Structure formats: structure tokens, C-alpha cells
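Read the structure below first, then the notes.
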2 protein chains.
Amino acid sequence: MSRWLEKKESEFNHALTSRDVKKMRALFNKVPTVDLAEFADKVEDPSSLTFIFKVVPSELTADFFTELNDDTQEALLKIFSDAQLVELINKSYTDDIVDVLEDMPANLVTRALKFVPKERREAVNKLLNYKEDTAASIMTTEYFQFHSDIKVSEAMKIIREKGKSKETIYTIFLRDDKRTLVGTVDLDDLIFADPNQTLDEIKNKEFLFTQADTDQEEVAAKFKKYDLHALAVVNKEQKLVGVITFDDIMDVMEQETSEDIALQSGVVPLKDEYVETKPWRMALKCAPWLIVLIVIGVFSELVLSQFQEKLAIVPALIFFIPVLMDTGGNAGGQTCGLIIRALALKEFEVKDFPKVVWKEIKTAALTGLIVSSFAFCVFLIEFSIPGLIKTDFTDFTRPLIVSGIVALALFCAIVLSKFVACALPFLAVRLKKDPALTSQPFVTTIVDVCSLLIYFGIFTIFYVTGFFG
Amino acid sequence: MSRWLEKKESEFNHALTSRDVKKMRALFNKVPTVDLAEFADKVEDPSSLTFIFKVVPSELTADFFTELNDDTQEALLKIFSDAQLVELINKSYTDDIVDVLEDMPANLVTRALKFVPKERREAVNKLLNYKEDTAASIMTTEYFQFHSDIKVSEAMKIIREKGKSKETIYTIFLRDDKRTLVGTVDLDDLIFADPNQTLDEIKNKEFLFTQADTDQEEVAAKFKKYDLHALAVVNKEQKLVGVITFDDIMDVMEQETSEDIALQSGVVPLKDEYVETKPWRMALKCAPWLIVLIVIGVFSELVLSQFQEKLAIVPALIFFIPVLMDTGGNAGGQTCGLIIRALALKEFEVKDFPKVVWKEIKTAALTGLIVSSFAFCVFLIEFSIPGLIKTDFTDFTRPLIVSGIVALALFCAIVLSKFVACALPFLAVRLKKDPALTSQPFVTTIVDVCSLLIYFGIFTIFYVTGFFG
């Protein structure tokens, strides 16, 4: 937090404790609403919350309320009088009402909906029923739609009169006689245009839109690719049902990335921000994956138990189990991270799988070659420092063979791991799951079992052919 | 790629091979420039590139060129005539010229700069010299700045006349007599205002700006928090030096996230997109971390070599090494992922470290309790299935003790791992490094060594106290 903001926060708290209406109002005229909402989120006492809300300048009420976090919103909704509720609802954009209500308990939703004017209630209910994470769930219903035949001057007149109630006026949507969406006009083109031109004459040559049920991640990719301010959402009859604006998309980008990172780290995604999540809730998000992975890990116990006689012959083999497992897991994690990110950014699609796998195998072979050659030298050096590693090796043949076996196993583990890490995300997409589910921990644990099998396999070959004779 | 785009691509390729000017021009009137640039990126033959560039409608030249990837841009710059270069430069925004030149070889930059008109050359050179990843490096110098005293009608007149050469007209910047930045006006407020009001009367109450040397990640956080279209960049004297627009910020958000994910996966961040990076280059990005981790892994070899006699007493202890190491690593990875993300989103700061660590320790203790209780039961079940795990245990005391030791070690490994994973990113920020550098693989490898020490430590205590008597 900047020094300036910290100063404002202490002024805020001071005005609050002394119930100083004048000072509090002055703050609302100087400090961005979103920062004031952050200060207010830290207030828990209901009477203080009531005080703040009474002081908010009327034109900021809706903005301020929208920026508060879920808990504060819920607390306020509970203590609001009917009149306050009506005022808030009348001043809010429909999509903001929906955003708030989505996370509220059912009884509060019912109470709030009672006060939504009939003509808007339908829109609110409709938005509430759209599936989460679709284009429709983040769209607004306050925008301008004009017939494409009207003149620039006419459109500008209407925008000047009614624009303030719309969430976006930077993009204007055009329809034909059948109310089908036929194009868009940017506000700047409207300003540059001759007042006598029709909207149809100045519309954008590109005509982009999205279906109501499209995934919000795909919508975000479109915004980024085409540098959009706003995007039309249409139903199956190509009729405009809503508009998504760029500020909602920034939130989506952030939310989707946080979700992906959580999944890739083997955590069930948090509902709230990290700082707002309580330890016991966090533990419940962390434990499931760890438990699943412990169950998968049983296989590595079985493998080791099967090979214990072999380990007794050359105990030095045990020393390299950690490094083998770590390297396999780390190599897979690298590929996993890159592939899932590239899939999220739509750099390639499922049908590109063979191309990507082939590339990954080449990368893996090169990486494996570099890393295992290096490791081979490190192991030899370790063995040649007297007393560093305790073994019963008497000459230099054994260290050479053991280092060779480990290096070879490392190479195989890297290639296998990168292959699995590359294949799993594609498999997930194929099965219509989020590729981020095939997280690094998951890949690590699977690859570990395979790496151990490879390790002992290679040893067995050496053993049978008499190298340890 | 959508079916529509695929069809357009084959039309594009057809028009290209048959050198059909009319068809190609028709495509430029129908298909978004960014998609055409993607098609063109796949073309390698210089004469085809020359053909495409001759056909691009003059008003799209700059746009189209900007959207091409580095390699295609470089190829084109090499074959452009002087006249073509002049035309391109005259039509491009200053910050786009800089973006292109930044990645070009020095001789091409020198040649191109010769054709930049004198009055712009200074701006280009200045932008080229700003440090990478700062606010200044992503700003544009084409925007409107008015004296705060002028009238709305006057401002609108100037915008109508000259707005097309500006990169953004959605936010207008105000200065006083000393050319100090004093506020901003949004285009929509300008439209809603009475033509006789002064800009000062309708300016935004919030007045946000950023310093030229601020990190771009911080700038992105500001855009997201305040839902900005554009943000002023000022120098130390509070004079406006440039403006950052929201579309550049979306690119920054994406780029920073990709970088963080790469680092967290233990990969040196790629310069280009995944699909554009060649396998050998990728191997060079993947190998360094793996090698560093193998060197750190030497410690786990030493630990195991030290404890080999103990392992000979109860060989069953070996079986659980993988699961212990995996769980420790995975638990740390979870915390690492969440903390680094929260730091990137500025959910907390370095000074919040004690609070965050305390929370993480509570989370870790709870997670550890759940997971190790569960694991204890799994291990007992494994031991009680005859023949599943080969041991010389004769009664049920040994399995109980071994399972207990492993479960206890698991608990300690989870707590330790989450503590390390939480502390390292903060330490990185403290040392002014990117927290994402303290990646999951790094935490895993450090924690592995500690987990092994804890494991054998616990065993030693049990052993000394006669449990294996």
C-alpha cells in the first residue's frame, strides 16, 4: 500500500470512530471508491458499516457496494432497511446485482429480488441462471443497440441523453429489421464521422461476437487477440443478448490464471483470495490431492519391496533414488507448466498433439543428454572423493558402472516424464476436463513409479549380463 | 481455429500462390488483420511476402506489420525498399515502431532510424532506451493533452480533427500552466458534458498516474484494480511523458503470467511463444535448473550413504522414501504456488510475512494431521495384506512402529515444507528478486534432504529407545 493510501486509511478510521460525517464525505470525494471499499472490508461492527453506508454520496452508492467483498456485502444486506435495498438496486447495473446475489444465501436473494422492479427481475433471473464461467455469466445487459440505418447525429443525440445508464458506450451494436446483430461501431468512429452518415456506413469491417455458452477463458483470449473494448454475446438466432466489457475480462484473466496455478500446484482452487481463506479451509483444499498422491505412491512401495534383494547386492543404488525421482518429477513439471500455459493461451489445439509430442520428445532427448552426462560426471566425482560416500567398492569399475546405470536411468526418466507430462494435459482436454488438473504433483507421482521400474530394469540387465559378477 | 478461419486461410494461400491481387485484397476487407498476420507468419518465401505487403490496403499497412511475428518482420525489413520503409514508419504509432525495433539486429535498427523523421526520432530513441519491463517501456506518446481551462466544445473540435493520429482518445489528459499533469477526463464524460463547461469542471475526481520506472506488473495491478482504459506515465517533475493503454496491459498480464509459470515450473522463461521455440533452445531452457537440482541432490545421496547401516536393520524403511519425498515436495509446491500468486496480485506485502507464515504453519499442521493419519492407516493396511510387501516382520508390533515413524516423518515433512515454501518467496522479494524464482522444484529438492534427515532422526530415536530391540 502506498504512503498516500495508508494516510487515507487512518483518516478513514478516524472519521469512522468519531462518526465524523463531514470528514468521511470529504474522503469519498478524494479517494478512489475501490480503495475505500478495501478499508470498509476491514470493518466488522454493523453499526459502523451502517454509518459508512449512510454517508456514501448517493452517486457512488452502487459503485461502492459492488467493490466490497462478499462478507461485507452479506453483512450489509442483512442490516439494510427495505428503502436502502430499493435505492441500491435502482442504482446498480443489472450484471453487478447478479454478481452480488450469486454468492449470497438463498433467503437474502429472495428478499433482494422482491425489490427489483418487475421489468428488470426477468433479466436478473436469467443472468442468475446462466452456467458459471460462460460468456453469458459475465455479460451486462446495459448497452446501446441501434438499427443500422439510423444517422450518426441521431445516435449521438440518444447516447448523450441515455448514455449514463449504460455500462459501456465505447462500442455500439447494430441490428437489422429482424433484430439480428449485424455489426458494431466504435465510439471514436462515431465522433470522427460526418453526422449525416448512417451507422451502417461507418461500422467496423470486422464483426466479432461470441455465443452465450462459450467458456469465459475463450472469450478472454478473443479480447486479447483482437484488442477489444467490448464483445457482443448472441444466442443461437444471432440475436444480441448481452455485452462483455474489457474490465470484466481483466477479472476473468486473473481468476482463470489463479485457478490454473492452484490446480497445477495440486490445490483445489480457493473460492476467495488467499488472504481471506481461513487455515482450516485451506487445509481442506490442500489435503485431498496429497492423499490421492499417497495412494498412488503405494505402487512405489511395492516396487521397492520387490527389488529389495537386488538393493542388498549393491546398496549404493539406494543413494540415488531421491535424485532420480526428483529429476524425473522436475523434468515433467517443466513440460507440464509450459504445455498447460500454451493450451490456456490457445497456442495450439488438441489436433496438434502429434506435432507437440514429437517436439517434446526431441526436447526431452536433448535435455536428457545434457543433464545425464553432467550427472554422470558429478557421481564419478562423488565416488572418487575418499570417505564421502560409504561403499565397499574396491576398484574403479563398480563406481563407473553404478554411475552409468544411474545416468542412463536419469535419461530415460527425463524422456518418459516429459512425454507423460505432455500427453496428460491433451488427454484431459480430450476428456473435456481442465488440462491444469494434470498437475505437476500428479505427473511426479506417476513418473516416480515408472522411474523406479526403469532403474531396477537397467540394473537387472547389467546384473544378468554379469557386470556385478 | 474456427472453421471460418480455416476456410479463410486456404483462400489466403490460394490467392497467394496464384498471385491474385483482387482476391487477396478482398480478404483484407473481410478478415481481421491479426488473423491475416497469423497466416502470413507461416509464409517463408521472400517473394510471397513482398507480394502480400504490396497488396495490403494502405490504411492497414502499419496495423498488419505490427501484428506479424519477429521473424517475419525481420525478413520484411530486410527486403523493403527505402520508399516502403518510409511509408511504414510514417503510418506507425511511435510505440509500435519501438516494439518492432527492440527485437531487430542493430544494422536493421540503424537503417530504419535513418528514415524516421527528425522530430519523431528523439521519441523513438528515448523509448528504445527505457529499461525493459518498466511503465515507460510499454507507453505510447500519441495521446491528447489539453490545458485544463479550455472548453468542452473546443476539445471536441480538436479531437475530431486530430484524433485519428492518436492511439487513444478514450482518456484525455489535463495540464496546468507549468505543463504539470493535473487530471484526466474520460471521453464519455466529454460527450455527456455541456459544451460550455471547462475540462477542469468535468475531470475525474480520482487522479491516478504512475512513474516512468515503475515495474509493468505493478502497472497491470493498477489497471485491474481501478478498471482503467489508460494511465498517465509521469517523470519526477510530475510532467506527462506518455500513456499506457489497456490493450498493452492485457499483453503484459499474459506475458508476466507466462513468465511466472515458467519460472515456477523450473524453466528459464522462453523469449517466444511455446510453439515458436525450437527443441534445442527449449532444452537449453530446461537443462540448467535440472542440473542445479542434481547438484543440490548430492546432499540426499550423502544422507542415505550415512544411514545405510540403519537401513540394513529395517529394510522396510527404504520402501517409504519415495512417498515421504513426494509428499514433502507436493505440500511445498502447493504453498509455493499460492504464495507466489498472491504476491504477484499484491494481496499482501513483505511486511505481512509474520502473519502469512503463522497462517501457513496453522494450515500445515492441519493438513499434516489429516494426511498423516490417513497415510498411517494406508500403511497398516498394506502391511496386513499377506505377501503384498515383503518383510521379515513376524508380529504386528513392527508394522505398527514403522507405519508410525513414516506417518510422523510425513507430518514433519509437510509442516517443514510448507514453511520453507512460504519463506523462500518472501526472501526473494526481500533480496529484490522475482519470487517465482523460488520454484516448486527448488523447494522440493531442499525439502527432500531435510525430510530424509527427519526420517532417520525419528528412526534413530525409536531405535535408541529400544523399540527395535
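What the table shows:
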quantity	calculated
Candidates A:420, A:406 - the one that is assigned to a helix (DSSP H, G or I) and away from every other protein chain (no Cβ under 14 Å)	A:420
Unique residue being under 25 Å from residue A:288 (Cα atoms) and part of a helix (DSSP H, G or I) when the list is B:449, B:429	B:449
Yes/no for residue B:247 being within 9 Å of chain A (Cβ to nearest Cβ), surrounded by fewer than 22 Cβ atoms within 10 Å (Cβ to Cβ) and under 29 Å from residue A:252 (Cα atoms)	yes
Of all residues in the stretch B:263-278 being touching a residue at least 60 places away in the same chain (Cβ under 8 Å) and not hydroxyl-bearing (Ser, Thr, Tyr), the one that is nearest to residue A:358 (Cα to Cα)	B:276
Residue in the stretch B:445-459 that is out of contact with any Gly (no Cβ under 8 Å at 6 or more places or on another chain) and over 30 Å from residue B:339 (Cβ atoms) present	yes
Residue count, the stretch B:86-95 (criterion: outside any loop (DSSP other than H, G, I, E, B) and under 33 Å from the mean Cα position of the chain (by Cα))	6
Filter result for the condition that a residue is within 26 Å of residue A:188 (Cβ to Cβ) and modelled with pLDDT of 80 or more, over A:149, A:133	A:149
Top-ranked residue of the stretch B:163-179 - restricted to ones that are under 17 Å from residue B:205 (Cα atoms) and more than 14 Å from chain A (Cβ to nearest Cβ), ranked as surrounded by the fewest Cβ atoms within 10 Å (Cβ to Cβ)	B:176
Selection status of residue B:320, more than 30 Å from residue B:426 (Cα to Cα), touching a residue at least 60 places away in the same chain (Cβ under 8 Å) and hydrophobic (A, V, I, L, M, F, W, C)	yes
Complete set of residues in the stretch B:376-415 that are more than 48 Å from the chain's Cα centre (by Cα) and of a type in the set (Phe, Trp, Tyr)	B:393, B:396
Options A:162, A:157, A:236; residue that is at pLDDT below 85, over 33 Å from the mean Cα position of the chain (by Cα) and either not acidic (Asp, Glu) or not in a helix (DSSP H, G or I) (or both)	A:162
Helices (runs of 4 or more DSSP H) contained entirely in the stretch B:1-85, each with at least 2 residues that are within 33 Å of the chain's Cα centre (by Cα) and within 27 Å of residue B:98 (Cα to Cα)	B:33-41, B:46-55, B:61-67, B:70-79
Unmet criterion (only one of (1) buried (at least 16 other Cβ atoms within 10 Å of the Cβ); (2) under 25 Å from residue B:184 (Cα atoms)) for residue A:58	(1)
Residues located in the stretch B:370-392, provided they are within 8 Å of another protein chain (Cβ to nearest Cβ) and in a helix (DSSP H, G or I)	B:370, B:371, B:374, B:375, B:378, B:382
Yes/no for residue B:343 being closer than 22 Å to residue B:423 by Cα, surrounded by 23 or more Cβ atoms within 10 Å (Cβ to Cβ) and more than 7 Å from chain A (Cβ to nearest Cβ)	yes
Residue count for the stretch B:197-232, restricted to those that are among the β-branched types (Val, Ile, Thr) and part of a helix (DSSP H, G or I)	2
Qualifying position, being surrounded by 24 or more Cβ atoms within 10 Å (Cβ to Cβ), touching a Cys at 6+ places or on another chain (Cβ under 8 Å) and within 14 Å of chain B (Cβ to nearest Cβ), among A:438, A:445	A:438
Hits in the stretch B:336-356 (condition: in a helix (DSSP H, G or I) and within 19 Å of the chain's Cα centre (by Cα))	B:336, B:337, B:338, B:339, B:340, B:341, B:342, B:343, B:344
Conditions (1) outside any loop (DSSP other than H, G, I, E, B); (2) exposed (fewer than 15 other Cβ atoms within 10 Å of the Cβ); (3) not polar (S, T, N, Q): number failed by residue A:194	(1)
Looking only at the stretch B:295-334, and only at residues there that are among the β-branched types (Val, Ile, Thr) and facing another protein chain (nearest Cβ under 8 Å), the one that is farthest from the chain's Cα centre (by Cα)	B:318
Residue check, residue B:98 more than 26 Å from the chain's Cα centre (by Cα) and of a type in the set (Val, Ile, Thr)	no
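The values are calculated or read from the model by the stated rules, or taken from the named source; none is laboratory data. This one's a predicted model, so the numbers in the text were calculated from it and none came from an experiment. Note that each Cβ is placed from the backbone with ideal geometry, even for glycine, and that neighbours are counted across all protein chains shown.
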